[in-house]
Amino acid sequence: MTIGQEVIGLNLNFERLKKRIEAAGKQTTADLVIKNGRIIDVFNGEILLGDVAITDGFIVGIGEYEGNHIIDAADRYICPSFIDGHVHIESSMVTPSEYAKVVLPHGVTTVITDPHEIANVSGKEGIEFIIQDSEDIPLDVLLMLPSCVPATPFENSGATLTAQDLEPFFEHRRVLGLAEVMDYPSLHQAKKEMLDKLLTTWKHRSHIDGHLAGLDQTAINTYRAAGISTDHECTTAAEALERLRRGMYVLILEGSAAKNLSALIPVINEQNARRCLFCTDDKHLDDLVENGSIDHNVRLAIQKGIQPIVAIQMASLNAAECYGLSTKGAIAPGYEADFLLLDDLNALTISEVYKGGKLVAKDGIYIGKPMEKETPSPELMETIHTKAISIKDLEIPISDSRKANIIEIVPNQLITKKRLEEVHCEDGHFQPEVSKDLLKLLVIERHKKTGNIGRGIVKGFGLKDGAIATTIAHDSHNIVAAGTNDTDLLKAIHTLQDMNGGLVLVQGGNAVSALSLPIGGLMSTQDYQRIYTELMNMKSRLSDIGFKGSFNPFLTLSFLTLPVIPHLKLTDLGLFDVDTFQHIDV
């Protein structure tokens with residue numbers, strides 16, 4: 001049995017196999033037949049004419065068929081549905097069962113998710129919540145187990161997961177392998193803890209994801225020698241080409257914070273397109289609702305000159321083959337009846353979405369079955385554990401030279417720049433200077449009451465007043481806050497403590513907009529429509545504190561704490577130089 005059949009739980013037995021064979025051979029009538037459609041052939045890059053016969057949720061034939069039920073495609077395109085090759089569902093701020101309602105209308109019926117966000121907060125219990133909440137829903141949520149909890153030894157998270165902790169999860173049918181190996185120093189040094197995870201994965205599965213942000217050719221060789229076959233962190237076509245040359249799959253990332261598709265499209269040609277696929281990685285709910293998921297990647301690729309069928313192939317068959325999903329990704333006999341009806345091929349206008357031959361979304365609206373939500377445990381709902389914090393704790397001492405290392409954000413990218421600038425001080429302490437766009441940045445440990453506070457200076461937000469803060473702080477998810485003054489910063493921190501995590505915007509000492517995310521400080525218990533409305537309210541209030549940027553400031557803030565993405569980041573232990581993998585003084 002292939003991993004593709006194993007993870008989707010087909011339970012293929014004699015009777016079901018007999019039923020499919022008889023329908024394919026026209027000995028019995030198919031359950032469902034689609035007529036008058038134009039079939040997108042992702043194997044040959046062609047458009048075919050013919051009926052599509054479906055029985056038992058699987059495509060059993062293309063040709064001339066009769067069915068118990070008929071769908072008239074009315075000259076629309078019959079397209080394989082889409083697969084997101086790498087996503088953290090938690091970044092949508094809703095649970096998997098709510099997330100399904102958002103992405104299914106966008107043609108995504110399968111996601112490869114890495115639950116390392118909730119795992120960094122709540123360990124094994126967090127992974128179990130994601131598994132349970134995604135059971136028996138019309139979205140196939142396949143998992144890659146978190147490889148780096150904590151992400152690095154240079155910060156404090158809420159949990160530590162060893163190979164022994166991860167191994168029992170491989171028994172679950174929807175677990176595919178090991179997620180992004182982002183701790184390159186541990187891999188390069190062949191540390192036992194990392195190799196144990198790789199070997200445990202190879203014992204049960206064969207898929208291991210990479211994370212090669214800013215790394216050189218030696219690192220690519222190291223990852224490949226370790227059996228790691230994918231990377232989703234390329235930011236230039238040259239980087240993508242080096243990975244493709246060494247036999248890796250390149251996942252082209254277009255999310256909310258990182259938007260790499262335009263830069264990577266030039267690398268794609270007739271010879272290597274089959275080694276490329278799409279992912280969203282981290283995408284906020286408002287972005288998903290307004291712009292879409294993998295369908296957005298496909299549209300953008302077409303706009304950038306990729307042939308529509310090639311772009312669709314990347315979003316379906318390529319992703320399926322990358323992860324060994326042998327029954328997904330095509331309109332052909334033996335494949336699951338997960339498909340879309342498109343009104344327009346170039347514009348990728350999706351009119352209907354089918355999962356297993358059943359209509360689940362129409363004209364952008366989920367119309368499938370109701371989904372039951374998993375009830376989070378009290379431990380998952382109470383994850384903010386900090387010591388008392390005062391304004392005095394927020395001070396940043398600066399030497400007499402008044403020169404400071406500064407994190408400069410790069411809009412719509414995860415990388416940052418490292419700058420050295422003279423800053424304004426009073427009584428030997430840094431003072432934010434809005435005229436130079438220099439704000440105070442803080443990371444407060446929130447898992448184990450260590451009292452750790454990382455202090456830094458950030459440039460690029462453009463705020464003129466107030467402060468913003470969140471408990472979404474990749475990947476250890478401590479409290480991160482940026483602001484123009486200590487009073488508003490302290491209020492933002494206290495507000496997050498009081499509401500068990502989320503997002504908050506403070507001005508004049510008051511929390512003028514707040515979104516509660518009590519599940520691990522990452523996800524809401526509410527339906528996605530309500531969360532979307534609250535996000536829109538928060539976005540409208542950003543202009544009150546001077547934000548005019550073309551990027552999501554909360555999402556950008558949440559990645560300033562990730563010490564595996566170049567060049568300068570901030571953890572609860574202080575300012576971190578990613579290039580040298582060590583903490584440095586402000």
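Let's see how each residue does on (1) under 26 Å from Lys101 (Cβ atoms); (2) among the aromatic types (Phe, Trp, Tyr):
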residue: Ser513; (1), (2): yes, no
residue: Gly521; (1), (2): yes, no
residue: Tyr528; (1), (2): yes, yes
residue: Lys569; (1), (2): no, no
residue: Asp585; (1), (2): no, no
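Of the residues making up segment 24-41, those that are out of contact with any Gly (no Cβ under 7 Å at 6 or more places or on another chain) and among the aliphatic types (A, V, I, L, M) are Ile34, Ile40. Taken as a whole, the condition of being of a type in the set (Asp, Glu) and under 26 Å from Ile565 (Cα atoms) applies to Glu408. In segment 357-379, the residues that are within 24 Å of Phe58 (Cα to Cα) reach residues that are outside any loop (DSSP other than H, G, I, E, B) and among the basic types (Lys, Arg) with C-beta atoms within less than 6 angstrom, at least six apart or across chains, in these pairs: Tyr366/Lys101. Considering segment 39-65, the residues that are surrounded by fewer than 14 Cβ atoms within 10 Å (Cβ to Cβ) and not aliphatic (A, V, I, L, M) include one that is farthest from the chain's Cα centre (by Cα), namely Glu64. Segment 312-381 holds strands (runs of 3 or more DSSP E) entirely within its bounds, and those carrying 2 or more residues that are farther than 30 Å from Gly501 by Cβ and polar (S, T, N, Q) map to 349-355.
Residues in segment 142-152 that are in contact with a Pro (Cβ under 9 Å, 6 or more places away or on another chain) and not in a strand (DSSP E or B) were compared, and the one that is surrounded by the most Cβ atoms within 10 Å (Cβ to Cβ) is Pro146. Suppose the filter is touching an Asp or Glu at 6+ places or on another chain (Cβ under 7 Å) and either under 28 Å from Ala159 (Cα atoms) or at pLDDT 95 or above (or both); does Thr580 pass it? Taking the combined requirement at face value, the residue does not satisfy it.
Residue selection: Val434 fails the criterion of being among the hydrophobic types (A, V, I, L, M, F, W, C), modelled with pLDDT under 95 and either assigned by TED's automatic domain parsing to the domain that holds Gln132 or more than 25 Å from Val121 (Cα to Cα) (or both). Looking only at segment 236-266, count how many residues are surrounded by fewer than 21 Cβ atoms within 10 Å (Cβ to Cβ), in contact (Cβ under 8 Å) with a residue 40 or more places away in the chain and in contact with a helix residue (DSSP H, G or I) (Cβ under 6 Å, 6 or more places away or on another chain). Qualifying residue count for the region: 1.
All conditions but one from (1) surrounded by 13 or more Cβ atoms within 10 Å (Cβ to Cβ); (2) under 24 Å from Asn452 (Cα atoms) apply to Ile350; the one that does not is (2).
Return a yes/no flag: does segment 248-257 have any residue that is outside any loop (DSSP other than H, G, I, E, B) and of a type in the set (Asp, Glu). Yes, there is a match, as at least one residue in segment 248-257 is outside any loop (DSSP other than H, G, I, E, B) and of a type in the set (Asp, Glu).
Against the test of being modelled with pLDDT of 95 or more, buried (at least 23 other Cβ atoms within 10 Å of the Cβ) and among the hydroxyl-bearing types (Ser, Thr, Tyr), the options Thr450, Thr484 yield a single qualifying residue, Thr484. Might you check whether a residue that is of a type in the set (A, V, I, L, M), closer than 19 Å to Asn291 by Cβ and under 22 Å from the mean Cα position of the chain (by Cα) occurs anywhere in segment 368-380? The answer is no; no qualifying residue exists. Flag: Ile409 matches the condition of being crowded, with 19+ Cβ neighbours inside 10 Å, under 30 Å from Ile306 (Cβ atoms) and in contact with a helix residue (DSSP H, G or I) (Cβ under 6 Å, 6 or more places away or on another chain). If you go through segment 462-475 and pick out every residue that is out of contact with any Phe, Trp or Tyr (no Cβ under 7 Å at 6 or more places or on another chain) and crowded, with 22+ Cβ neighbours inside 10 Å, you end up with 7.
Figure legend. Inter-residue proximity from segment 41-55: first residues of a type in the set (Phe, Trp, Tyr), second residues buried (at least 16 other Cβ atoms within 10 Å of the Cβ) and assigned to a strand (DSSP E or B), beta-carbon distance below 9 Å, spacing 6+ or different chains. No pairs are indicated. Residues that are within 16 Å of Phe581 (Cβ to Cβ) and assigned to a loop (DSSP other than H, G, I, E, B) within segment 209-232 comprise His211, Leu212, Ala213, Gly214, Leu215, Asp216, listed in sequence order. Of the residues making up segment 26-46, those that are part of a strand (DSSP E or B) and either touching a helix residue (DSSP H, G or I) at 6+ places or on another chain (Cβ under 7 Å) or in the same structural domain as Glu270 (by TED's automatic domain parsing) (or both) number 2. Criterion applied to Thr487, Thr471 was being in the same structural domain as Thr571 (by TED's automatic domain parsing), touching a residue at least 24 places away in the same chain (Cβ under 8 Å) and under 22 Å from Ser122 (Cβ atoms), and the one residue passing it is Thr471.
The values are calculated or read from the model by the stated rules, or taken from the named source; none is laboratory data. Values in this document were obtained by computation on a predicted structure and should not be read as measured data. Here Cβ is always computed from backbone atoms with ideal geometry, including for glycine, and neighbour counts include all displayed protein chains.
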